[in-house]
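K.L.:
Structure incoming, see below.
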Amino acid sequence: MAMALYFLAANVLSYLWARSSRSIGGLIVHRTNPILKNLPAEPGSAGWYKSVSGGFAFALLILTVYLGVSLIDINLYTLFDKQGLQGAQRIFSALMNPNLSIIDVVLAAMVETIFIALMATALAIPIAFLLSFFMARNLMKYSRTAVGVYTFLRFLANFARSVEPLIWAIIFSVWVGIGPFAGMLALMIHSIAALTKLYSEQIENIDRGPIEAIEATGANRIQVVWYAVVPQIVLPYLSFTIYRWDINIRMATIIGLVGGGGIGTLLMQYQGIAKWNEVGTIVITIAAVVWVMDYLSARIREAIY
């Protein structure tokens, strides 16, 4: 009930926000617009706090902050509590003193993580490449059947993309068992959904000129796509694919926390028994690898363009 009243008040006050020149919104507009700010002040426009809408807007601001603090349960006392700070200090000290005796195990798990991301991306590319042509509106508007296929595939891709890789990893951990295979499948499903969206939107933004030129020669739909569409999308496709691999490297670490294999599983094991020096070794290794992969990804994308 309180939330309903809050949203009702927010809608009413948002209307009043800039309706009056004496409201906060009105004052912002009048003081920033180059024409309005040079006009003479209206009689009685001394301050927003003297207007009804200004008072309501200020009350709405206070109410918003109050609700935010209440819902999130912000407690600065626990943040700066002495016992809590001592615990955080112990953890940070351990993280900054990594146990290098396990570095061989960590590197082996990191290699597994990189290959989880690599295989997921590699298997997703051909599937996403083919589906993207059926999910481009400008290529699928010529018949009702094509529109139906387009709508159905869009729905499936949106659903798959809306489910986070973490959830897919839990599903596949139950389906095929805990391990890197489950993690690879989770990343592959999400990569297909994400890449088809990026690929298809790139197709929708291509130049119509080459398509009309190829159509004028009497070419069929496959020839039009191959000779007019594909040459325009190759470079953006490469850029999107490399970027997706970069994302998968980072996500492969996260899905390992729920049984997706790789270094995430190792991290979860050491964190569970409070071995913070070992956790520090893993965290530093992850940070180093992600930094290197991000640098290489950026350099490759620059080379492409």
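K.L.:
From Cα pairs below 8 angstrom and at least 6 apart in sequence, can you work out the relative contact order of the range 148-305, rounded to a whole percent? If you can, show how the numbers build up before the last one.
P.N.:
Details: 143 pairs, mean separation 41.1, N = 158.
With pairs under 8 Å counted, the relative contact order is 26 percent.
K.L.:
Oh, and also: Within the accessible area of the range 192-232, what % is carbon and sulfur when the probe is 1.4 Å and the other protein chains stay in place?
P.N.:
The C+S portion of the solvent-accessible surface of the range 192-232 is 56 percent.
K.L.:
Quote the FRET efficiency, to the nearest 0.05, computed for LEU67 versus SER143 with a Förster distance R0 of 51 Å and r equal to the Cβ-Cβ distance. Walk me through the numbers before you get to the answer.
P.N.:
On the way: r = 51 Å, r/R0 = 1.00.
Between LEU67 and SER143 the formula returns 0.50.
K.L.:
Still on this structure, I have one more. How high is the relative contact order of the range 97-221, in percent, counting Cα pairs under 8 Å that sit 6 or more residues apart?
P.N.:
Numbers: 103 pairs, mean separation 42.6, N = 125.
Contact order relative to length: 34 percent.
K.L.:
Continuing with the same structure: Which trypsin sites (Lys or Arg not before Pro) does the range 112-168 hold that lie in a coil by DSSP with at most 12 other beta carbons within 10 Å? Walk me through the numbers before you get to the answer.
P.N.:
Values: sites: ARG137, LYS141, ARG144, ARG154, ARG161; in loops: LYS141.
Filter output for the range 112-168: LYS141.
K.L.:
Something else: Please compute, for the alpha-carbon atoms of the range 85-125, the extent along each of the three principal axes and give them in descending order in Å.
P.N.:
Extents along the principal axes, in whole Å: 48, 24, 9.
K.L.:
Extension gain GLN223-GLU201, at 0.36 nm per residue separation less the Cα-Cα distance, in nm? Kindly include the intermediate steps, with their values, before the conclusion.
P.N.:
Working: separation 22, 0.36 × 22 = 7.92 nm, distance 2.03 nm.
Full-extension gain reported as 5.9 nm.
K.L.:
Sticking with the crude label model, points 7 Å out along Cα→Cβ, report the distance from ALA216 to MET268 in nm, one decimal please.
P.N.:
6.0 nm
K.L.:
Another question about this same structure. Using a Förster distance of 30 angstrom, determine the FRET efficiency expected from the C-beta separation of LEU100 and ILE178, and round it to 0.05. Please report the intermediate quantities before stating the final value.
P.N.:
On the way: r = 28 Å, r/R0 = 0.92.
Efficiency at R0 = 30 Å is approximately 0.60.
K.L.:
Heavy-atom accessible area of THR151 with all protein chains present, probe 1.4 Å, nearest 10 Å²?
P.N.:
80 Å²
K.L.:
Within the range 134-164, list the chymotrypsin sites (Phe, Trp or Tyr not before Pro) lying in a DSSP loop whose Cβ has at most 16 other Cβ atoms in a 10 Å radius.
P.N.:
Numbers: sites: PHE134, TYR142, TYR150, PHE152, PHE155, PHE159; in loops: TYR142.
Loop-located and lightly packed - TYR142.
K.L.:
For LYS275 and PHE155, calculate 0.36 nm times their separation in residues minus their Cα-Cα distance, and state this gained length in nm to one decimal. If you can, show how the numbers build up before the last one.
P.N.:
Details: separation 120, 0.36 × 120 = 43.20 nm, distance 4.45 nm.
Result for the pair: 38.8 nm of gain on full extension.
K.L.:
What's the extension gain from ARG301 to TYR77 if we count 0.36 nm per residue and subtract their Cα-Cα distance? Walk me through the numbers before you get to the answer.
P.N.:
Numbers: separation 224, 0.36 × 224 = 80.64 nm, distance 4.67 nm.
Full extension from ARG301 to TYR77 adds 76.0 nm.
K.L.:
Now, a different point. According to a simple spin-label model (label point 7 Å from Cα along Cα-to-Cβ), what is the distance in nm between VAL234 and GLN89?
P.N.:
With each label placed 7 Å out from Cα toward Cβ, I get 6.1 nm.
K.L.:
In units of 2.2 N^0.38 Å, what is the alpha-carbon radius of gyration of the range 149-305?
P.N.:
Values: Rg = 20.1 Å, N = 157, 2.2 N^0.38 = 15.0 Å.
That ratio works out to 1.34.
The values are calculated or read from the model by the stated rules, or taken from the named source; none is laboratory data. The model shown is predicted, which means the values in this text are computed figures rather than measured ones. For neighbour counting, all protein chains shown are included, and Cβ atoms are generated from backbone atoms with ideal geometry for every residue, glycine included. When the accessible area is computed, the model is the full protein with side chains, heavy atoms only, and any ligands, DNA or RNA have been set aside. Shrake-Rupley method; radii C 1.70, N 1.55, O 1.52, S 1.80 Å.
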